[in-house]
2 protein chains.
Amino acid sequence: MRLSHEQFRELAAKHGLAVTHQRQVVYEAVIASHGHHSPESIYAAVRRRIPSISLATVYNNLRLFIECGLLREVSPHASTLRVDGNLKPHHHLVCSRCKSVQDIEGEFIDFNRLSRQLPDGFDLTQPLIEVFGLCRRCRAKN
Amino acid sequence: MRLSHEQFRELAAKHGLAVTHQRQVVYEAVIASHGHHSPESIYAAVRRRIPSISLATVYNNLRLFIECGLLREVSPHASTLRVDGNLKPHHHLVCSRCKSVQDIEGEFIDFNRLSRQLPDGFDLTQPLIEVFGLCRRCRAKN
DNA sequence: TTATTGAACGATAATCAGTATAAAACGACC
DNA sequence: GGTCGTTTTATACTGATTATCGTTCAATAA
């Protein structure tokens, strides 16, 4: 883990984050194993190295890392369920920051190429694509 | 709302759902106005017609409708936050049912076409695409 | 039309993820 | 060593969703 150690120090410096032991261990826990981790699973991993760490610290630092761009949030999700009665084919444009959703139309997916990349057995019969970015309002907030 | 009235009876029959007054009103509330609705906002709308309805009934029926395919869930989201330490450009393949996430590579997006459809000011500098479908395991479960 | 029965509803308690708060610990700087 | 701002910790709290359970209703058959 020497690599991520150094890597984290650099990233932290770049973003003006203090380098604390907890922060470093949380970061390393996330990138040590590839995949998509929940706060609970990260907490479990970090506790093997810092048994006294608090779950709140894990949450605090994950949020911080996401804000700084050290980590990405998978499927940025609003705090509440959203349903859509529009069953016609369409896609969504989601703001990663404020989680607002707009409909978007158009044929911008190359399904031939996509299906070549699909793992065996994945079923795309009613494809729904969500494209994440920053909406105008959040972009203006810098 | 006569149209959605009949439409709902048909859909319900097709999916073996009992037609209750509550169910009908919840369904109509969702499709009456386009957009992406939260359970709370649907609850508020439905209460104007059935003041005694329970929030649990709204939740129950929304879940039922999503399972039957009468409605779509926007950004199908795991119940918990997921973070990703992989900052290299890649996209995600998400199972709408079990919410599992796999990485997927490849140039299957036509960014020229996509950007023509983008509303003014939407910022796509680090585009992340999520493609929803059914993973093999969930598909096998029928 | 009525009787029966399993499904749906309503009220509310429980759960679970995530956040807020405040006190204690840390660490950089003087 | 003392001071001050930041971070961590413990824990209380919030808000969304689900579970429970007694009551009511819709579908079906007589």
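No value in this document is a laboratory result; all are computed from the given coordinates. Please read all numbers here as calculations on a predicted model, not as lab measurements. Reconstructed Cβ throughout: ideal geometry from the backbone, glycine too, with neighbour counts over all protein chains shown.
Relative contact order for chain A: what percent, with Cα pairs under 8 Å and sequence separation of 6 or more? Kindly include the intermediate steps, with their values, before the conclusion.
On the way: 99 pairs, mean separation 24.4, N = 142.
Value for chain A: 17 percent.
A simple charge model with +1 on the Cβ of Lys and Arg, -1 on the Cβ of Asp and Glu and nothing else charged puts the dipole of the protein assembly as shown at about 720 debye relative to its Cα centre.
The dipole here belongs to the range A:2-68: it is taken about the Cα centre, uses +1 on the Cβ of Lys and Arg and -1 on the Cβ of Asp and Glu, and is about 160 debye.
The separation of the range A:20-47 from the range B:94-109, counted between C-alpha centres, amounts to 23 Å.
Sorted from shortest to longest, the distances between the B:Thr80 label points of this copy and the other copies are 2.4 nm, with each point 7 Å from Cα along the line through the beta carbon.
FRET efficiency for the pair B:Ala18 and A:Ser115, taken as 1/(1 + (r/R0)^6) with r the Cβ-Cβ distance and R0 = 30 Å, rounds to 0.15.
A convex hull fitted to the Cα coordinates of the protein assembly as shown yields 169 cubic angstrom per residue. Note on chain A: antiparallel DSSP beta bridges, both residues inside, total approximately 50 percent of the bridges counted.
First measure r as the distance between the Cβ atoms of A:Ser33 and B:Ser54, then evaluate 1/(1 + (r/R0)^6) with R0 = 35 Å and state the FRET efficiency to the nearest 0.05.
Numbers: r = 43 Å, r/R0 = 1.24.
Calculated transfer efficiency: 0.20.
Taken over the alpha carbons of chain A as equal point scatterers, the Debye sum produces base-10 log I(q)/I(0) values at 0.10, 0.15, 0.17 Å⁻¹ of -0.50, -0.95, -1.07. With its label point defined 7 Å out from Cα along the Cα-to-Cβ axis, B:Ser33 lies at 4.5 nm from the matching points of the other copies, in increasing order.
Taking the Cα centre of the range B:1-119 as origin and assigning +1 to Lys and Arg Cβ atoms and -1 to Asp and Glu Cβ atoms, the resulting dipole is close to 460 debye. Ascending distances from the A:Arg49 label point to its copies in the other chains, with the point 7 Å along the Cα-to-beta-carbon line: 5.6 nm.
Stick to the Cα atoms of the range B:85-124, pair each with every other, and give me the Kirkwood hydrodynamic radius in Å at one decimal. Kindly include the intermediate steps, with their values, before the conclusion.
Details: mean 1/r = 0.0802 Å⁻¹.
Its Kirkwood hydrodynamic radius stands at 12.5 Å.
Chain B has one residue whose beta-carbon comes closest to the axis relating it to chain A; that residue and its distance in whole Å are B:His77, 2. When the Cα positions of A:Thr57, A:Thr20, A:Ala78 are compared along the charge dipole of the range A:1-85, A:Thr20 comes out farthest toward the positive end, with charges on each C-beta of Lys, Arg, Asp and Glu.
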